[in-house]
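> The structure follows.
The values are calculated or read from the model by the stated rules, or taken from the named source; none is laboratory data. This is a predicted model, so every value here is computed, not measured. Cβ: placed from backbone, ideal geometry, glycine included. Neighbour counts: every protein chain shown.
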Amino acid sequence: MTVIESLRKNASFLATGFGSLVLVLVVLRLSQGEPVFQPQSDLGVLIGAVLITAFLVFKDMRESKGKKNP
């Protein structure tokens, strides 16, 4: 399995999870009167999203190692 195939396979899961996270952050920040964009916090969220995506791709590639595509 390639990286692109893995991203396609997990696209809906990743989009739903990260979309929900962004929505919750925006709602919480607005309800508390904080600025919606906070560079330091948002950088941490972005790094977390990249790490989760990399983990899923790594896991898929490792699981498919040795298996031939039909």
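> Anything in segment 8-35 that is loosely packed, with under 11 Cβ neighbours inside 10 Å and part of a loop (DSSP other than H, G, I, E, B)? List them, or say none.
Of everything in segment 8-35, those that are loosely packed, with under 11 Cβ neighbours inside 10 Å and part of a loop (DSSP other than H, G, I, E, B) turn out to be GLN32, GLY33, PRO35.
> Another question, then. Contact list please: Cβ distance under 8 Å, first residue in segment 4-23 and at pLDDT 95 or above, second residue of a type in the set (A, V, I, L, M, F, W, C) and assigned to a helix (DSSP H, G or I), pairs at least six apart or on different chains.
Every condition considered, no pair remains.
> Then there's this: Could you please tell me which pairs satisfy a Cβ distance under 9 Å, a separation of 6+ or placement on different chains, a first residue in segment 35-49 that is aromatic (Phe, Trp, Tyr), and a second residue that is part of a helix (DSSP H, G or I)?
PHE37/ARG29
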